[in-house]
Amino acid sequence: MMTRRSAILAAAGILGLFSIAGTGLVTLAQHGTAGRIAENQRQTLLHTLQAVLPPQRYDNDILADVTHVSSPELDPRRPVAVYRARQQGAPVAAVLEATAPDGYSGEIRLLVAIKASGELAGVRVLSHKETPGLGDPIEDNKSDWILRFTGLSLQNPSYGQWKVKRDGGAFDQFTGATITPRAVVKAVFRALQYFDTHKTELFDAESTGPGAAE
């Protein structure tokens, strides 16, 4: 007949087996979904890159032809990715990650595509926490405001016009919201300045993307 101590030990052993089995199942589930999550993230990024720079304009693997840079002009907190587009090896454009740290509700992360000529190919918002209905017109599915950067450059508009109209510049602000568009305009302008200064080294830098030599 099983003693009380033996019963307790047996119960503890059974609980331990269930715990091990449960941990194993969770680990298997994580491994099974990790690949799908990574691929979904990759496809989302590729879709956004293609929105600012159509794939017909380049023939390289833009996700693999990437370098990472540290610059307070692009992001004061962390290194950012720069995706290079090329046609038969010649530079076509660079798509820079850039952050506006001074949004109304926090930082606004952007993709800024700049042609080798220095002209903007497009700008899109990657993430933000701006107030719905006031600051979210920076999203291309809420407004065409972000699309108006396409074709602009450091010379168009002129240096002093890279501001919202309330500050004497060329860019519209939103009704009831000036801080958000002001932050985005400043971030895009800084990205243009960075590219203008560092274009050659950006295209010459070694790739740090998938498949790059370690």
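The values are calculated or read from the model by the stated rules, or taken from the named source; none is laboratory data. Everything numeric here is computed off the predicted structure, so don't read it as measured data. Every residue, glycine as well, gets a Cβ built from its backbone with ideal geometry; the counts of neighbours run over all protein chains shown. For the accessible areas, the whole protein counts, side chains as well, though only heavy atoms, and no ligand, DNA or RNA atoms are used. Shrake-Rupley method; radii C 1.70, N 1.55, O 1.52, S 1.80 Å.
Any idea of the accessible area per residue across the range 62-120, 1.4 Å probe, to the nearest Å²?
Each residue of the range 62-120 exposes 38 Å² on average to a 1.4 Å probe.
Among the GluC sites (Glu not before Pro) in the range 101-194, which ones are in a DSSP loop with at most 15 other Cβ atoms within 10 Å of the Cβ? Mind listing them?
Listed in order of number, the matching sites are E139.
Please report the net charge: other residues with Cβ closer than 12 Å to the Cβ of V185, K and R +1, D and E -1.
Here the charged neighbours net out to +4.
Along the Cα-to-Cβ line of D102, 7 Å from the Cα, sits a label point; which residues in the range 68-93 have backbone N less than 17 Å from it?
Inside the label zone: 72-77.
Using the Cα gyration tensor of the range 70-181, with a ≥ b ≥ c the square roots of its eigenvalues, what is the shape: rounded (a/c below 1.5), prolate (a/b larger than b/c) or oblate (neither)?
The shape class here is prolate.
With a sphere of radius 10 Å drawn around the Cβ of A51, what net charge do the other residues whose Cβ falls strictly inside it have (Lys, Arg +1; Asp, Glu -1)?
Local net charge: 0.
Just to confirm a number: summing +1 for Lys and Arg and -1 for Asp and Glu over residues other than R84 whose beta-carbon lies under 15 angstrom from that of R84, what do you get?
Taking every Cβ under 15 Å from that of R84, the sum is -3.
Would you work out what percent of the accessible area of the range 74-145, with all protein chains in place, is carbon or sulfur (probe 1.4 Å)?
C and S fraction of accessible area: 46 percent.
Please work out the Cα center distance from the range 38-73 to the range 118-188, rounded to the nearest Å.
21
Amide H neighbours of G103 under 5 Å, counting only residues 5+ apart in sequence or on other chains, H built in-plane at 1.01 Å?
HN-HN under 5 Å from G103: I108.
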